[in-house]
Amino acid sequence: MTGRTIKDTAEAWEVRGTRTPFQGKKTSVRTDDVVMPDGSVVTRDYQVHPGSVAVLALDDAGRVLVIRQYRHPVREKLWEIPAGLLDVPGENPLHAAQRELYEEAHVKAEDWRVLTDVYTTPGGCDEAVRIFLARNLSEAEGERFEVEDEEADMELERVPVADLVRGVLAGELHNNCLVVGVLSLVAAERGDGVESLRPAEAPWPARPFQA
């Protein structure tokens, strides 16, 4: 043991040039000419992403609310936790998470905490995801949100945490946010407890926002 603090730190290497060969509706592809420590310059292509939120919604029976949705890039229907994009720059991630829980599951929650923050694929995409833990669930008021496209075919279930852990470790569940969220919940429960988790509006340097 060296006593070194294991913590990610901000750092930005020099960029000599940048191009955007593709611009999509929500994301784009950027090519940067990056100066390496030895002075050489190499190109790095990556997806530019607005960021996302996800919600591990836990009911009073210890079950997690999960949805099943078709994901075309991997040609599979995946079990996932409710999630969505930060559609507006600087959007408060808690508000976005509450919106996604309502739209995808017609559920609201009284207790919100930050479960964990992750970069999904930092070698090729700058997407940052904040995963919330939501508890004290109840049905949302009003009409259900009108879904379309892949969401029109979604299925909704409530599954015990232990069953999800088993599925993750058996290689049967693959969605990044579900895997990270469920295992983080178990770690928190076995550690200092979920009451020790960060508050729902904790700072998020990867995607700064207005409280």
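Some values worked out for this structure:
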{"item": "Region 18-36: number of residues that are over 27 Å from residue 91 (Cβ atoms) and either in a loop (DSSP other than H, G, I, E, B) or in the same structural domain as residue 163 (by TED's automatic domain parsing) (or both)", "result": "1"}
{"item": "Long-range neighbours under 9 Å by Cβ, at least six apart or interchain, first residue at positive phi and outside the structural domain of residue 24 (by TED's automatic domain parsing) within region 43-70, second surrounded by fewer than 17 Cβ atoms within 10 Å (Cβ to Cβ) and of a type in the set (S, T, N, Q)", "result": "none"}
{"item": "Members of region 13-37 that are among the hydrophobic types (A, V, I, L, M, F, W, C) and farther than 19 Å from residue 50 by Cα", "result": "13, 15, 34, 35, 36"}
{"item": "Residue match in region 86-96 (condition: farther than 30 Å from residue 31 by Cα and not basic (Lys, Arg))", "result": "yes"}
{"item": "Which numbered condition residue 9 fails, given (1) part of a loop (DSSP other than H, G, I, E, B); (2) polar (S, T, N, Q); (3) in contact with a strand residue (DSSP E or B) (Cβ under 7 Å, 6 or more places away or on another chain)", "result": "(3)"}
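Residue by residue, here is whether (1) under 13 Å from residue 181 (Cβ atoms); (2) of a type in the set (A, V, I, L, M, F, W, C) holds:
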site	(1), (2)
77	no, no
80	yes, no
98	no, no
103	no, no
119	no, no
123	no, no
127	no, no
131	yes, yes
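The values are calculated or read from the model by the stated rules, or taken from the named source; none is laboratory data. Everything numeric here is computed off the predicted structure, so don't read it as measured data. Note that each Cβ is placed from the backbone with ideal geometry, even for glycine, and that neighbours are counted across all protein chains shown.
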